[in-house]
1. With no solvent and one equal point scatterer per Cα, compute the Debye intensity ratio I(q)/I(0) for the stretch 36-84 at 0.27 Å⁻¹ and report its log10, rounded to two decimals.
2. Using just the Cα positions, wrap the stretch 114-159 in a convex hull and report its mean projected area in square nanometres, one decimal place.
3. Compute the distribution of all C-alpha to C-alpha distances in the stretch 233-291, in bins of 5 Å from 0, and list the percent of pairs in each, rounded to whole numbers.
4. Evaluate the stretch 157-223: find the radius of gyration of its Cα atoms, find its Kirkwood radius, and give the ratio Rg to Rh.
5. Could you work out the pair-distance distribution P(r) of the chain from its alpha-carbon pairs, with 10 angstrom bin width and percents rounded to whole numbers?
6. About the Cα centre of the stretch 249-331, how large is the charge dipole given +1 on each Lys and Arg Cβ and -1 on each Asp and Glu Cβ? Please answer in debye to the nearest 20.
7. Taking one equal scatterer on every alpha-carbon of the stretch 200-281, how large is log10 of I(q)/I(0) by Debye at q = 0.17, 0.18, 0.23 1/Å?
8. Pick from Arg114, Arg102, Arg31 the residue whose mean-square fluctuation is largest in a GNM of the chain, springs joining Cα atoms under 10 Å.
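Nothing in this text is a laboratory measurement; each read-out follows from the coordinates by a stated rule. Fair warning: this is a prediction, and the values are worked out from it, not measured in the lab. Ideal geometry is used to build each Cβ from the backbone, glycine not excepted, and the neighbour counts take in all protein chains shown.
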Amino acid sequence: MRHDARIYVAGHGGLVGSAIVRQLRAAGYHRLLLRTHAELDLTDAAATADFFAREKPEYVFLAAARVGGILANQQYPADFIRDNLLIQTHVIHEAWRAGVQRLLFLGSSCIYPRLAPQPMKETDLLSGPLEATNRPYALAKIAGIEMCWSHNRQHGTRFLAAMPTNLYGIGDNYDLDTSHVIPALLRKFHEARGRGAPQVTVWGSGTPRREFMYSDDMAAACLFLMKLPEARFLSLLGSDEAATGRFEPPLINIGVGHDLSIRELAQTIQQVVGYQGDVVYDTSRPDGTPRKLMDVSRLQALGFTASVPLEQGLRRALASADFARAVARAA
């Protein structure tokens, strides 16, 4: 990937996209095509087509998505499946029409079955029922993988889907109604410490196990994949199952390869924040999938391993301007 290549990062303002932009700039890439949602609505087919025809990106990181935690997924299931299907349909189609050399489609570990074997391999895709609380989002992302696969088979494109594990870091969403578990707990413990509250309530039993990756580690993995030599990149694009008889989607997991319980996570965040009160668990709230650990052996075999430990990443997030702004708005 040449340093003067035109690179479009869709969703550059979010947790994933902003981390990818930081990694690209740090690596010397300077012709970045960045558009806010106000400047380019990717759910608008005509606007997306016009952008690709005019700007002609050579590489695309498709990080734009409608995302949220359990509460948001339960409240807005129709919005999640509609918006994500529209975004990825328009971007993938126009990337093919524009002759994009490589596209990386970002999804989520929730594409795998609720009770998938642990750790989850790429070939576990479509092997069982999904977690009900985020099924609309997961189905949209699964459709995105199939879009990449289908374009590769029909049009000879080089579109790869990468599924990161649970992410946190700079640029996270700290809205308690729509955030994921780490930003929600960081804010809860921080505010409880400031108020001198005697206890913090954590949703669920605390027993589910989750894997967490610092967002800049994930972005470094994305850049690593997009810069792979041609033969190694092509080896990740799967095969035509009708011809080979093998289920090999153009899919690779991105993660750290180890997990911890939500209870252990809460204890770690409590320590990082410096909260001295009690932690209680509201078992009337849903736990979600019992365990979600990614098998990252393929990524590691290529030569990439995450480098930021959880506690270090949490301290970076806690010290970020995004966190400070979220706390100030809530005050």
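1. -1.08
2. With every direction weighted equally, the projected area is 3.7 nm².
3. Going from the shortest bin to the longest, the percentages are 4, 12, 14, 13, 11, 10, 8, 8, 8, 7, 3, 1, 0.
4. 1.09
5. Reading the bins upward from 0: 6, 26, 36, 23, 8, 2, 0.
6. Computed about the Cα centre, the dipole is about 240 debye.
7. -0.83, -0.87, -1.09
8. Looking only at Arg114, Arg102, Arg31, the biggest GNM fluctuation is shown by Arg31.
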